[in-house]
Each structure stands twice: as C-alpha cells, then as structure tokens.
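Scroll down for the structure; my scribbles are underneath it.
The values are calculated or read from the model by the stated rules, or taken from the named source; none is laboratory data. Quick caveat: nothing in here was measured; it's all calculated off a predicted structure. Cβ sites come from the backbone with ideal geometry, for glycine too, and all protein chains shown count toward neighbours.
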Amino acid sequence: MDTGLRGRKAAIAAASRGLGWACAHALAAEGAQVAICGRNLARVTAAAERLGPGAVPLVADLGDPEQARGFVRSAREALGGLDVLVTNAGGPMAGSFATVPFPEYPKAFALNLLSVVAMCQEAIPAMQAQRFGRVVAITSVAARQPIGTLILSNTARSGATAFLKTLARDVAADGVTVNSVQPGVHDTEGLHEEFGGDLAALTGSIPAAVLGRPEDFGAVVAFLCSDQARFVTGAALPVDGGYYAGLQ
C-alpha cells in the first residue's frame, strides 16, 4: 500500500525513545522527512541518527507549552514546511486524589493538555492553508478507562481528548484530520525502568497476553497520517491488546 507519506514533512514530539521514536521510525520508513524533540540533546541526537540521514533533532521541554510551540516552529523551519504533527509527552506523577497535591495539577495540564493545544495552534493554520494536514496525538487508554493511581494523567489526557475531538470537527473541511491514539502497556525502555524485569502482572492484565510492541503502535500512527486515512478524523483509538473493557 502506498501511504503517500514519501516526501511529507513530519514533526514528532518526545521521540528520543519509546512510542514517540517508534512513530518517527514508522514515518521515516515510509519516506517522510522527520524532526523529533526531546529534553536531552545527546539523547535526541542519537535517536535522530538511528532514524537515518536527514532526521532533525531538536531540544524542547514539553512541560513548557511555549517550548512545545517552539518545537513545531523549529521543525517547520528545519524541514521547509509541515504536513504531519504527532503530539506526545511523558506522563505526570502517579498518585490518587488523596496523595496528589494541588500544585501538581497545573504541571500535569501543561505537560499533557496545554502542550497539545500549543503544538496544534502552531501547526494547523499552515496545514489549513495548504489544504492538507495530519495531526495524531499520543494520549493514553487512561483517558477512556481511568486508572486509579494516575489521577493526573486521567484528568489531563481526558481534557486533551475533548480538545482534539472539537478541533477535528473545526478543521475537517480544510483537509486536516485530527485523531488520537490511546496506548495501553507497551514494551518500552520507560516501562522496564519503572517496573524492572518483572512484568508478569502487567502482561496478565492484557487480554492479548503480551505486551504491545512499539513498532506495531508506530504502524497505526503512520496509517492515520497516510493518504488512505483521509476520511478518519475525530477518532480516539485504543491500541492496547484489548485492555479497554467498555463498549464505546
């Protein structure tokens, strides 16, 4: 299948490793020119080198929405335009209603909601003008099925999901699609750092009985960025091996 991504210009946030890097790799494999960001210059530069010649490494702390906006601006300048935006960011601190202090809420909103708004505001007007654009946000299955120990993520990513759904309807007639992808548990470096080598309990909670592969997640995102996905917009798609148990 020809995805139509060859020669497209794509900015992928928080892509020095994990699911972000997997998305950048999938887009680059389809012939897209990619720019990625991370907080650490050495790490994001090494990640860009692994993507191949022409990948652009940029430094941004997505906990600051203005730096998130600046990443999109810098990516557009470096690539000579922008056709695809993949928003992404790490998660906020874990905790419950009883354990998370109020000052952590604005930080979580900045990281997982306002960064998405800022990146979209920076990217989409030019996409509308060129009558083509693909925006895919990496959120979390927690936006669909709240996780008790992740009240900040549940709240901020649900807000982002509502923003993206509204935005999708606003710009659909301009040739710009906006979707979100909701990962469950995937076999990433971050997961191993958080849980160590004992992942049996996590795996047991997944009906598919295996951890997600980052490359499979990246392939889903690449499809949503493709020409074939032109009629898919406003979707919030779980990619979780069946973890989400609801009907809708």
Quiz item: Within the bounds of segment 40-57, is there any residue that is surrounded by 21 or more Cβ atoms within 10 Å (Cβ to Cβ) and β-branched (Val, Ile, Thr)?
Solution: yes
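Can you report the number of residues in segment 154-167 which are touching a Leu at 6+ places or on another chain (Cβ under 6 Å) and crowded, with 21+ Cβ neighbours inside 10 Å? I'd like the intermediate steps shown before the answer.
Kept after step one, since they are touching a Leu at 6+ places or on another chain (Cβ under 6 Å), are these residues of segment 154-167: 156, 159-160.
Next cut, crowded, with 21+ Cβ neighbours inside 10 Å only: 156, 160.
Total satisfying the criteria: 2.
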Exercise. Identify all residues within segment 129-141 that are farther than 23 Å from residue 26 by Cβ and either basic (Lys, Arg) or surrounded by 16 or more Cβ atoms within 10 Å (Cβ to Cβ) (or both); write none if there are none.
Key: 131
Exercise. Could you tell me whether segment 39-50 includes any residue that is under 16 Å from residue 89 (Cα atoms), among the β-branched types (Val, Ile, Thr) and in contact (Cβ under 8 Å) with a residue 12 or more places away in the chain?
Key: yes
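Return the residues of segment 37-46 that are part of a helix (DSSP H, G or I) and farther than 21 Å from residue 221 by Cα; say none if nothing qualifies.
Result: 41, 42, 43, 45, 46.
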Exercise. Determine the pairs where a residue that is touching a residue at least 24 places away in the same chain (Cβ under 8 Å), located within segment 1-23, has a partner that is β-branched (Val, Ile, Thr) and in a loop (DSSP other than H, G, I, E, B) with Cβ atoms under 8 Å apart, the partner being 6 or more residues away or on another chain.
Key: 17/188; 18/188; 19/188
Quiz item: Hey, any hits in segment 218-241 for a residue that's part of a loop (DSSP other than H, G, I, E, B), under 30 Å from residue 103 (Cβ atoms) and of a type in the set (Ser, Thr, Tyr)?
Solution: no
Practice problem: Could you tell me whether residue 4 is in a loop (DSSP other than H, G, I, E, B), modelled with pLDDT under 95, surrounded by fewer than 24 Cβ atoms within 10 Å (Cβ to Cβ) and not polar (S, T, N, Q)? | Solution: no
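I'd like the full set of residues that are more than 22 Å from residue 223 (Cα to Cα), among the small types (Gly, Ala, Ser) and buried (at least 16 other Cβ atoms within 10 Å of the Cβ), limited to segment 142-153.
Just the residues of segment 142-153 that are more than 22 Å from residue 223 (Cα to Cα), to begin with: 142, 145-153.
In the following step, the residues that additionally are among the small types (Gly, Ala, Ser) were identified as 142, 148, 153.
Within segment 142-153, 142, 153 qualify.
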Self-check item: Residue that is surrounded by the fewest Cβ atoms within 10 Å (Cβ to Cβ), among those in segment 7-39 that are closer than 24 Å to residue 132 by Cβ and either modelled with pLDDT under 95 or basic (Lys, Arg) (or both)
Solution: 9
Quiz item: In segment 179-188, is there at least one residue being farther than 23 Å from residue 67 by Cβ, of a type outside the set (Val, Ile, Thr), at pLDDT below 95 and in a loop (DSSP other than H, G, I, E, B)?
Solution: yes
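Of the residues that sit in segment 221-230 and are more than 20 Å from residue 161 (Cβ to Cβ) and not aliphatic (A, V, I, L, M), which one is surrounded by the most Cβ atoms within 10 Å (Cβ to Cβ)? Working first, answer last.
Within segment 221-230, the first condition is being more than 20 Å from residue 161 (Cβ to Cβ), and the residues that meet it are 222, 226-228, 230.
Add one more test, that the residue is not aliphatic (A, V, I, L, M), and what stays is 226-228, 230.
Details: 226: 20, 227: 13, 228: 13, 230: 12.
Once the filter is applied, the top-ranked residue is 226.
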